[in-house]
Amino acid sequence: AQSVTQLGSHVSVSEGALVLLRCNYSSSVPPYLFWYVQYPNQGLQLLLKYTSAATLVKGINGFEAEFKKSETSFHLTKPSAHMSDAAEYFCAVSETGANNLFFGTGTRLTVIP
Amino acid sequence: EAGVAQSPRYKIIEKRQSVAFWCNPISGHATLYWYQQILGQGPKLLIQFQNNGVVDDSQLPKDRFSAERLKGVDSTLKIQPAKLEDSAVYLCASSLQGASTDTQYFGPGTRLTVL
């Protein structure tokens, strides 16, 4: 069975500070991992995904994430937060041979001016 | 390229009433998904179609929820009768082939309030 845990339902950072959103997964087979962002009253938009190629994945808007098998983690980072980064972020996992995504409960990011 | 379209954007009904949501996926996408997103939670898959066939409906409450994808394009999700706990955002998504690594593209969702 697969699952995702996102530590911290709310994260606040100052503008220009490092963003770190945590995601740990559980999977019985090699996973594929995704980060999505959701702005208010909008659908989810893919930020980046890990599909067993490079373990450091770069996405849109300056975000990146590193797959660490030993830690079963896929944390999302951005060196310098921008006001426009304020949104809800979801980590999701799918498994080889499976067709659907299991989402975490989300982390709401607030950026303080 | 047009994204995933959903309507209506908002719906308010009373419990025991029925409601239907419509989704038009990205042109050429074979796979269509319906998710339920309850406030404070991540999206949960309700049903997945591959063309006009159902791939996975294990999480769909079949006593009250139904969905169809006529001709393998548009899809409709229906709730009859609605319960208070059905209040949520219903998201439609589509992907090219439904492979594990495919990107799913989401529509803006329909926010349902059941009173």
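The values are calculated or read from the model by the stated rules, or taken from the named source; none is laboratory data. Treat the numbers as computed from the prediction; the structure is a model and nothing was measured. Please note: Cβ atoms are built from the backbone with ideal geometry, for glycine as well, and neighbour counts cover all protein chains shown.
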With criteria (1) farther than 15 Å from B:Gly40 by Cα; (2) surrounded by fewer than 21 Cβ atoms within 10 Å (Cβ to Cβ); (3) of a type in the set (Val, Ile, Thr), A:Val93 comes up short on (2)
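So if I check each of A:Ser70, A:Ser52, A:Ser80, which one is under 23 Å from B:Thr31 (Cβ atoms), among the small types (Gly, Ala, Ser) and more than 11 Å from the chain's Cα centre (by Cα)?
Just a single option satisfies the conditions, and that option is A:Ser52.
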Looking across region B:77-112 at residues that are among the charged types (D, E, K, R) and at the interface with chain A (Cβ under 9 Å from one of its Cβ atoms), the single one that is farthest from B:Ala20 (Cα to Cα) is B:Asp102
Counting only strands (runs of 3 or more DSSP E) entirely within region B:52-115, those with at least 2 residues that are at pLDDT 95 or above are B:65-68, B:75-79, B:88-95, B:110-114
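Can you tell me which of A:Ser26, A:Ser80, A:Ser52 is within 22 Å of B:Gln41 (Cα to Cα), surrounded by 12 or more Cβ atoms within 10 Å (Cβ to Cβ) and not aliphatic (A, V, I, L, M)?
Numbers: A:Ser80 fails: within 22 Å of B:Gln41 (Cα to Cα); A:Ser52 fails: within 22 Å of B:Gln41 (Cα to Cα).
Testing whether each residue is within 22 Å of B:Gln41 (Cα to Cα), surrounded by 12 or more Cβ atoms within 10 Å (Cβ to Cβ) and not aliphatic (A, V, I, L, M) leaves just A:Ser26.
Output yes when any residue across region A:63-78 is touching a Pro at 6+ places or on another chain (Cβ under 6 Å) and touching a residue at least 60 places away in the same chain (Cβ under 8 Å), and no when none is. Before you say what the answer is, go through the steps one by one.
Step one: list which residues in region A:63-78 are touching a Pro at 6+ places or on another chain (Cβ under 6 Å), which gives none.
No: zero hits.
From the list B:Ser75, B:Ser66, which residue is among the small types (Gly, Ala, Ser), within 21 Å of B:Gln97 (Cβ to Cβ) and under 11 Å from the mean Cα position of the chain (by Cα)? Let's see the steps before the verdict.
Values: B:Ser66 fails: within 21 Å of B:Gln97 (Cβ to Cβ).
Step by step, each of B:Ser75, B:Ser66 is checked, and only B:Ser75 is among the small types (Gly, Ala, Ser), within 21 Å of B:Gln97 (Cβ to Cβ) and under 11 Å from the mean Cα position of the chain (by Cα).
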Note: among A:Leu47, A:Leu20, just one is surrounded by fewer than 19 Cβ atoms within 10 Å (Cβ to Cβ) and closer than 17 Å to A:Phe67 by Cβ, namely A:Leu20
Checked pairs for region B:55-76, first more than 14 Å from chain A (Cβ to nearest Cβ), second assigned to a loop (DSSP other than H, G, I, E, B) and surrounded by 15 or more Cβ atoms within 10 Å (Cβ to Cβ), C-beta under 6 Å and 6 or more apart or across chains, list as B:Ser75/B:Arg69
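Are any residues in region B:1-11 more than 15 Å from B:Leu112 (Cα to Cα) and in a loop (DSSP other than H, G, I, E, B), and if so, which ones? First the steps, then the outcome.
The initial filter retains those residues of region B:1-11 that are more than 15 Å from B:Leu112 (Cα to Cα), namely B:1-5.
Answer for region B:1-11, where residues must be more than 15 Å from B:Leu112 (Cα to Cα) and in a loop (DSSP other than H, G, I, E, B): B:Glu1, B:Ala2, B:Gly3, B:Val4.
In region B:12-45, what count of residues is obtained for those that are part of a strand (DSSP E or B) and either loosely packed, with under 14 Cβ neighbours inside 10 Å or of a type in the set (Gly, Ala, Ser) (or both)? Talk me through it step by step, then tell me what you get.
Going through region B:12-45, the residues part of a strand (DSSP E or B) turn out to be B:12-13, B:19-24, B:31-37, B:44-45.
In the following step, the residues that additionally are either loosely packed, with under 14 Cβ neighbours inside 10 Å or of a type in the set (Gly, Ala, Ser) (or both) were identified as B:12, B:20.
Counting residues in region B:12-45 that are part of a strand (DSSP E or B) and either loosely packed, with under 14 Cβ neighbours inside 10 Å or of a type in the set (Gly, Ala, Ser) (or both) gives 2.
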(1) within 14 Å of another protein chain (Cβ to nearest Cβ); (2) at pLDDT below 95; (3) surrounded by 12 or more Cβ atoms within 10 Å (Cβ to Cβ); (4) under 30 Å from B:Tyr10 (Cβ atoms) all hold for A:Asn61 apart from (1)
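Looking at A:Val37, A:Val13, A:Val29, A:Val4, which one is farther than 30 Å from B:Thr110 by Cα and in a strand (DSSP E or B)?
Numbers: A:Val37 fails: farther than 30 Å from B:Thr110 by Cα; A:Val29 fails: in a strand (DSSP E or B); A:Val4 fails: farther than 30 Å from B:Thr110 by Cα.
Answer to the check: A:Val13.
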